[in-house]
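Nothing in this text is a laboratory measurement; each read-out follows from the coordinates by a stated rule. Keep in mind the model is a prediction, meaning the values are calculated, not measured. Cβ placement follows ideal geometry from the backbone for every residue including glycine, while neighbour counts extend to all protein chains displayed.
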Amino acid sequence: MTIGAPLPRQDAAVKVTGAAQYVGDLEVPGALEGVFVVSAVAAGRIRSIDRADALTVPGVVSIFGPGQLGVTGPIEHWAAGQASMPMTDAEIRYEGQPVALVLATTGIAAREAAARLVVTIDPLPHQSSFAASLDLGIEIKDWAPTSTAVGSVADGLAAAEVTITARYRTADRHHVALEPSAVVARWVDGGIDLWTSTQWVFGVRAAMAQMFSLPPDKVRVRSGYVGGGFGAKGSTWPHEFLAVAASRAVAAPVRIVLPRSQTFTLHGYQPATVQELTLGARNDGTLTAIRHESWNAASVADDYVEHGSLGSRTMYACPNIETRDRIVRLNRPQPTFMRAPHEGPGMVGLEIAMDELADRLDMDPVELRIRNYARHDPTSGKPFSSKALDQCYRLGAERFGWARRSPVPAAWGPGGVRIGMGMASALMSTFRFGASARVTLERDGSTLVETGAHEIGTGVRTILPQIAADALGLPIERVRVSLGDTTLPEAGGTFGSATTLSVGSAVRIAAVKLKERLETLAGEPGLEPREYAEVLALHRLERVSEEGTWAPTREEGAYAMNAYGAVFVEVAVAPHDPVPRVTRCVGAFSVGRIINPRTARSQVIGGMIWGLGQALLEDSRLDPALGRFVAKGFGSYQIPVNADVPAVDAIFADEFDPHASPIGARGVGEIGTIGVGAAVANAVFNATGVRVRDLPIRVESLLQP
Amino acid sequence: MKIFDYRAANSVAEAIAAAGPGSAFLAAGTEVVPALRDGLLHPDRLIDLLPLGLDGIERRDDGLRLGGLARLSDIASHPEVLASAPALASAIEQSGTAAIRSMGTLAGNLLQQVRCPYYRGAAPCNRRAPGSGCSVARGDQRHAALMPLSFHCAAVHPSDPAVALASLDATIVVEGRAGRRTLSLDQLYPAAGAVLGVPSVLESGDLIIALDLPAGRLPGRYAKIRDRSSFDFALVSAAGGLRLEGGVVVEAALALGGIAWKPWRCRRAEAMLVGRPWSADLVRQAVAAELSGATPLEGTRFKVELAIRAAATVLDPGGPS
């Protein structure tokens, strides 16, 4: 059985030796390097662009301003990150918006010329402050409902013996993938040949086909290694469209590698949320009411709903649940999905509120959650496809040593350091998409898996061969994989924690079909892998190939599907240096069958570390006067370094989800980040008695003398 | 990045002679190279100082002499420094990363530009573009000074070693066109109220060739409070120490970092401490008095309490020495 084996990453060696090629590394003869000049103001109109000084820089080829690239906006397309298309008009809608594109023979020349370009913008009044604009919140139509109600929260609160109402906040956060977004565009023979660092080549193809009025088969999109995406590379963004338009305009390949500063404004970020929660419960802990309202900062460039209340619709058994998500349109860059969207910020509110309720009831926080364990989806009434969260609570608490927690805040550790323990539930709704894959067996026994999915660091390059090897009974060493190209069988984007279950199922189906074909050729069932070559030789075939396609079925829609987890955290707070430090972190997860325990563990511990960033560091502060994010680099926008990362441990419930996918998998990618923020805040309360409701937790919240 | 000339200096005199309008000295490059990349520095000529050496650490009759180009990591691990100035070793160990400490020089560290995100992030900033205004006044203030230089700039000096050096009464030996002169650390940085936010008062052609640590000072400790456990600048830091006789403070030294455009030597607090019986309350009162002149921006108010706690760590006679 190759499935379930902790195989090492197939791409580990090329990545650690630097042999892996990223878009910025590609050698493209004759390519021009492009650099955007961006708006320094959040609203206004471009009055003029003075190119004189910039054009004196040796190597500069072209400088394009608004309306000069032959494209028009907006683009309404499901794969586009935003509808608004910069450089199609003189309007400035957000700070950081591209206003000009400089092309030069070298990147150094392009950057120098961009710095010398004089763009004059007449500023207009702007509204950028989210905190000051909640009353502008509106509900819009989105892929999921923005409001739901079951029962009556008013009745539930009337029946409650204890009520908790509070407001919680999460910060604006950026993906800051180590590899900045990069694209090499070539307009050739009336079509597009595109290399781009993306999580979704077929999405880029579809969006490009619409933008440039081409049939999809005239657009080829490739994505090799991706140095982190986290959602920023999940959609097609203006820099990709504009690179293609520029290549068409100058009849040469154009490469654009975004400078770090522009990664803060050009491909989305996780918007700040404000969440208002009301919980009602009886004295025995039984929930009688949940009301969760969430607001997120959005852009005038397009709509983006951070469905902050999504998790509260399905997390706990409660007869009365009302939820509502609103957006506030502001002059700021367009937000987007970021590991983990929706429940990532949303569970911060719900799970701190649950801790407050446990404290009020003088009840163990784990016990309170088990008391309200949902056996079916409380909003839709559907059964769960599979759910082992009860196992997670038990396994996680055991591994962590939860029984040693003192329920009394401000328990003292050695040296006057306060030690606190906190926990939270994690939930992420399961995304699934249709996918196809081809598996080809050569006469020499080597096997190739082909699919237009992507390796963004999650382990796809290892897991897909593993599934094929398992079905064919071959050693993993005989199976190669080809990914990230629209000439391969179509797959969805690598996001939503959906690739293993969706593409993995297609690979499994293709491999099983291949095995059946071989058995048909052999005229006997139960063919041994060592007999494959003989069968091919007998039929004078060099190779056999089969495609498999998988898509979620209607019957499975009868089930509610979520990934789950239970996160346990220990923090230390020193009296003279009260910056909270996480000292231990244990996560237990219910995610369906584990295909590769090594890459799965790597995913969730990486996610938990990402969650520590949300809890304690990541805070992109938007200056409301200037209408801009203040930090534009790693110096000011902080993410955890190794010294911040404690012992992080992850365990998985033993599970096979028969409804989520034929391979029993649900989704691993993002669940690890969820719950950590609330668990840290709850641990800080346990340590200090100070209830912090805003993330990240800052030392100034813990400074009472 | 514009094209510039590069010249390696083979003597101090040659380096000084090569300096002029549009030139910049280059040592390890941990400060200058990122500044070039980020468009913060536009030199016509870079004068490389590394061939000069000037990186020795030597014991003299009156104290320790540290070469201006001594590597930070060499200083932090030097037995004489560890013995007589542990506060400096500790401050270095808590600054930057191992890679930066192994490359970076002492003089370069003292002369680094501010980390204010407005300065670094191409926002309106008087330091970057004089007259464009200081964004901190109406903007994000968390990393700003408790005691700003002036209305024109509210950025803090980012160096950790400078705070320890201030507590140790270090003097700076500068070689320039007019010969050699000696400055206190306080004299290296602009005086309060200055209009231009410059990293130091040094002029073109001035070269820090050494720092002298006088003998007989309190060895001291260094405490740094920061959001991130490593690779982060101080929200507030403190360097200094105490000597007690029969429970009474007879000698005290204290400097604070992260609160002003220069390391802040706390003479007033020291005077309040000396001659009184040590208590945690006394330390709190002394630091509070030191900072009572501050009129903090709303977003920096929390630094008063942080400074008190950082100071309490280094002025705790029961603490680790």
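Provide the packing ranking of B:238-245, A:604-611, A:536-543, i.e. peptides ordered by the mean count of other C-beta atoms within 10 Å per residue, highest first. Don't jump to the answer; show the numbers that get you there.
Values: B:238-245: 22.4, A:604-611: 24.9, A:536-543: 12.4.
Ranked by mean Cβ neighbours within 10 Å, highest first: A:604-611, B:238-245, A:536-543.
Can you put A:290, A:108 in order, fewest other beta carbons within 10 Å first? All intermediate terms of the calculation are to be shown ahead of the outcome.
On the way: A:290 30, A:108 16.
Listing A:290, A:108 from fewest to most nearby Cβ atoms yields A:108, A:290.
For Cα pairs less than 8 Å apart in space and 6+ apart in sequence, what is the mean separation divided by the residue count of chain A, i.e. the relative contact order in percent? The partial results should precede the final answer.
Values: 1872 pairs, mean separation 115.5, N = 705.
It comes to 16 percent, rounded to a whole number.
List the residues, sorted by chain then number, that are 5 or more residues from residue A:38 or on another chain and whose placed amide H is less than 5 Å from its amide H.
It is A:99, by chain and number.
Using the alpha-carbon centroid of each, what span in Å lies between region A:622-672 and region A:515-583?
22 Å
List B:106, B:46 from most exposed to least, where exposure is judged by having the fewest other Cβ atoms within 10 Å. Please report the intermediate quantities before stating the final value.
Values: B:106 31, B:46 21.
Listed from fewest to most nearby Cβ atoms, that is B:46, B:106.
Given A:202, A:251, A:285, which one lies farthest toward the positive end of the charge dipole of region A:154-313, if we put +1 on the Cβ of every Lys and Arg and -1 on the Cβ of every Asp and Glu?
Of A:202, A:251, A:285, it is A:251.
With Cβ to Cβ distances under 12 Å as the rule, what net charge do the other residues near residue B:242 carry (K, R +1; D, E -1)?
Values: positive: B:221, B:243, B:276; negative: B:245, B:251, B:270, B:316.
Combined, the nearby Lys, Arg, Asp and Glu give -1.
Counting pairs of alpha carbon atoms under 8 Å apart in space and at least six apart in sequence, what relative contact order in percent does chain B give?
Numbers: 717 pairs, mean separation 54.9, N = 321.
About 17 percent, as a whole number.
Please compute P(r) over all alpha-carbon pairs of region B:221-314, binned at 10 Å starting from zero, and give each bin as a whole-number percent.
Final binned percentages: 17, 51, 25, 6, 0.
I want the local charge near residue A:59. Using Cβ-Cβ distances under 10 Å, sum +1 for each Lys or Arg and -1 for each Asp or Glu among the other residues.
Details: positive: none; negative: A:33, A:112.
With Lys, Arg at +1 and Asp, Glu at -1, the net is -2.
Inside 10 Å of the C-beta atoms of B:298-304, what's the mean count of C-beta atoms belonging to other chains?
Across the residues of B:298-304, the mean count of other-chain Cβ atoms within 10 Å is 2.
About its Cα centre, how strong a charge dipole does region A:554-624 have in debye, to the nearest 20, once Lys and Arg get +1 and Asp and Glu get -1 at the Cβ? Show your work: numbers first, answer last.
Details: 7 positive and 7 negative charges, 74 e Å.
Roughly 360 debye for region A:554-624.
What are the semi-axes of the equivalent ellipsoid of region B:1-52, taken as the square roots of 5 times the eigenvalues of the Cα gyration tensor, listed largest first and rounded to whole Å?
Details: eigenvalues 72, 29, 11 Å².
Output for region B:1-52: semi-axes of 19, 12, 8 Å.
Over the Cα atoms of region A:219-261, each weighted equally, I'd like the Debye log10 I(q)/I(0) at q = 0.17, 0.26 Å⁻¹, rounded to two decimals.
Ignoring solvent entirely, the Cα scatterers give -0.58, -1.19.
Looking only at Cα atoms, what is the convex hull volume of region A:555-705 per residue, in Å³? Let's see the in-between values first.
On the way: hull volume 24.0 nm³, N = 151.
Enclosed volume per residue, from the Cα hull, is 159 Å³.
Using only alpha carbon pairs under 8 Å that are at least six residues apart, calculate the relative contact order of region A:193-336 and give it in whole percent. The partial results should precede the final answer.
Values: 242 pairs, mean separation 27.8, N = 144.
For region A:193-336, the relative contact order is 19 percent.
How about residue B:224: which aspartates and glutamates have a C-alpha closer than 18 Å to its C-alpha, ignoring those fewer than 8 places off in the same chain?
A:577, A:644, A:700, B:93, B:160, B:232, B:305, B:316
If you take each beta carbon of peptide A:622-632 and count the beta carbons of other chains within 10 angstrom, what is the mean?
Details: counts 2, 10, 3, 6, 7, 0, 6, 4, 12, 6, 6.
Average neighbour count from other chains, rounded to a whole number: 6.
Taking only the C-alpha atoms, wrap a convex hull around region A:433-551 and report its volume per residue in Å³ as a whole number.
Details: hull volume 10.1 nm³, N = 119.
Per residue, the Cα convex hull of region A:433-551 comes to 85 Å³.
Taking each residue in A:574-584, count the Cβ atoms of any other chain within 10 Å of its Cβ, then average. What number comes out?
Details: counts 3, 3, 13, 10, 4, 7, 0, 1, 1, 0, 0.
Taking all residues of A:574-584 together, the mean is 4.
Binning at 10 Å from 0, report for region B:1-113 what percent of all alpha-carbon pair distances ends up in each bin.
The distribution over region B:1-113 is 14, 41, 30, 13, 1, given as percents.
Under a point-charge model restricted to the Cβ atoms of Lys and Arg (+1) and Asp and Glu (-1), what is the dipole moment magnitude of chain B relative to its Cα centre, in debye to the nearest 20? Each step should come with its number before you reach the end.
On the way: 33 positive and 31 negative charges, 146 e Å.
Dipole of chain B, to the nearest 20 debye: 700 debye.
State the volume of the convex hull built on the alpha-carbon positions of chain B, expressed per residue in Å³ and rounded to an integer. Present the calculation step by step, with values, prior to reporting the outcome.
On the way: hull volume 41.4 nm³, N = 321.
Considering the Cα atoms of chain B, their hull volume per residue is 129 Å³.
When the C-alpha atoms of chain A are aligned to their principal axes, what extent does each axis show, in angstrom, from largest down?
Result, largest extent first: 78, 72, 50 Å.
Using a 7 Å offset from the Cα along the Cα-to-Cβ direction at both residue B:77 and residue B:268, what is the distance between the two label points in nm, to one decimal?
Once both label points are built, they end up 4.2 nm from each other.
Nearest-5 percent of antiparallel DSSP beta bridges in chain A?
On the way: 92 of 122 bridges.
If I count the DSSP bridges inside chain A, around 75 percent turn out antiparallel.
Summing +1 for each Lys or Arg and -1 for each Asp or Glu, what net charge is found among the other residues whose Cβ lies under 12 Å from the Cβ of residue A:224?
Around residue A:224, the charge tally is -2.
Which pairs in the list A:15/A:632; A:141/A:233; A:233/A:382 are over 31 Å apart, alpha-carbon to alpha-carbon? Could the numbers behind the result be given before it?
Details: A:15/A:632 27 Å; A:141/A:233 24 Å; A:233/A:382 33 Å.
Distance filter (> 31 Å) returns A:233/A:382.
Calculate the FRET efficiency for residue B:196 and residue A:647 from the Cβ-Cβ distance with a Förster distance of 51 Å, rounded to the nearest 0.05.
Numbers: r = 49 Å, r/R0 = 0.96.
Rounded to the nearest 0.05, the efficiency is 0.55.
Give, rounded to the nearest 20 debye, the magnitude of the charge dipole that the protein assembly as shown has about its Cα centre when Lys and Arg contribute +1 at Cβ and Asp and Glu contribute -1 at Cβ. Don't skip to the answer; put the middle values down first.
Numbers: 99 positive and 105 negative charges, 200 e Å.
Charge dipole, the protein assembly as shown, about its Cα centre: 960 debye, nearest 20.
Tell me, A:233, B:303 in order of fewest to most beta-carbon neighbours within 10 Å? It would help to have the intermediate numbers written out before the result.
Details: A:233 33, B:303 30.
Lowest count first: B:303, A:233.
Of the beta bridges DSSP finds with both residues in region A:433-551, what % are antiparallel, to the nearest 5?
Values: 12 of 16 bridges.
Around 75 percent antiparallel, to the nearest 5.
Can you tell me the order of A:77-83, A:330-336, A:26-32 when each peptide is scored by its average per-residue count of other Cβ atoms within 10 angstrom, highest first? Can you show the working numbers first?
Working: A:77-83: 20.7, A:330-336: 26.3, A:26-32: 13.6.
Result, highest mean first: A:330-336, A:77-83, A:26-32.
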